[in-house]
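Remarks on the structure that follows.
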Amino acid sequence: MVTLVSCSEDEEPNISDEIVGKWQLIEQLLDPGDGSGVFKEVDSDKTITFLSNGTYTSNGSFCFLDAQNEQESSGSYDPDKMTIAPGNCPIDGGPSKYEISYKIEESHLIISYPCIEPCAQKFKKIE
């Protein structure tokens, strides 16, 4: 009689699979410059939808920290680097591409913008 036993370590969830879907903005962090900033609830319909092909679409811009959903946008994301590359953004007076970082923490998507003081948006998955 032969008995085989196999043990496997608990695997980390695959971040590229975890991010795919539709997320809605629920909170923003805008630090006043003294380190006291905390996430605060926002009333916004801004969403971002990550597709499995490495692209995203949104009903709001990701060029700047903005809770409005007045401008549709799209771009790409890299789950290995955990970055989002919005489409051309008017930075420094002309179109430019830059990357913003993201992480998934306690089932929330946190997108961090390149601000002098900490600034970020928190999203919850809705689809």
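All conditions in (1) crowded, with 19+ Cβ neighbours inside 10 Å; (2) part of a loop (DSSP other than H, G, I, E, B); (3) without any contact (Cβ under 8 Å) to a residue 24 or more places away in the chain hold for Ser36, with the sole exception of (1).
Which condition number in (1) touching a strand residue (DSSP E or B) at 6+ places or on another chain (Cβ under 8 Å); (2) at pLDDT below 95; (3) farther than 24 Å from Glu117 by Cα is the one that Thr49 fails? Condition (2) is where Thr49 drops out. Scanning the stretch 104-127 for residues that are in contact with a strand residue (DSSP E or B) (Cβ under 7 Å, 6 or more places away or on another chain) and of a type in the set (A, V, I, L, M) returns Leu109, Ile110, Ile111, Ala120, Ile126. The set of residues in the stretch 99-127 being modelled with pLDDT under 90 and surrounded by 16 or more Cβ atoms within 10 Å (Cβ to Cβ) consists of Glu99 alone.
Checking Asp66 against (1) of a type in the set (D, E, K, R); (2) in contact (Cβ under 8 Å) with a residue 24 or more places away in the chain; (3) surrounded by 13 or more Cβ atoms within 10 Å (Cβ to Cβ): exactly one of these is not met. Which one? If we test Asp66 against (1) of a type in the set (D, E, K, R); (2) in contact (Cβ under 8 Å) with a residue 24 or more places away in the chain; (3) surrounded by 13 or more Cβ atoms within 10 Å (Cβ to Cβ), just (2) comes out false. For the condition of a type outside the set (S, T, N, Q) and in a strand (DSSP E or B), Leu65 does not qualify. The selection criterion, being surrounded by 15 or more Cβ atoms within 10 Å (Cβ to Cβ), at pLDDT below 90 and not in a loop (DSSP other than H, G, I, E, B), does not hold for Glu27. Selection of the stretch 97-127 for residues being among the charged types (D, E, K, R), in contact (Cβ under 8 Å) with a residue 24 or more places away in the chain and part of a loop (DSSP other than H, G, I, E, B) yields Glu117, Glu127. Looking across the stretch 14-24, just one residue is among the small types (Gly, Ala, Ser) and either part of a loop (DSSP other than H, G, I, E, B) or at pLDDT 95 or above (or both), and that is Gly21.
Evaluating Glu11 against the criteria (1) farther than 15 Å from Lys122 by Cβ; (2) at pLDDT 95 or above leaves one unmet condition, (2).
The values are calculated or read from the model by the stated rules, or taken from the named source; none is laboratory data. Every value quoted in this text rests on a predicted model; they were computed, and no experiment measured them. A quick note on method: Cβ atoms are made from the backbone with ideal geometry, for glycine too, and the neighbour counts reach across all protein chains shown.
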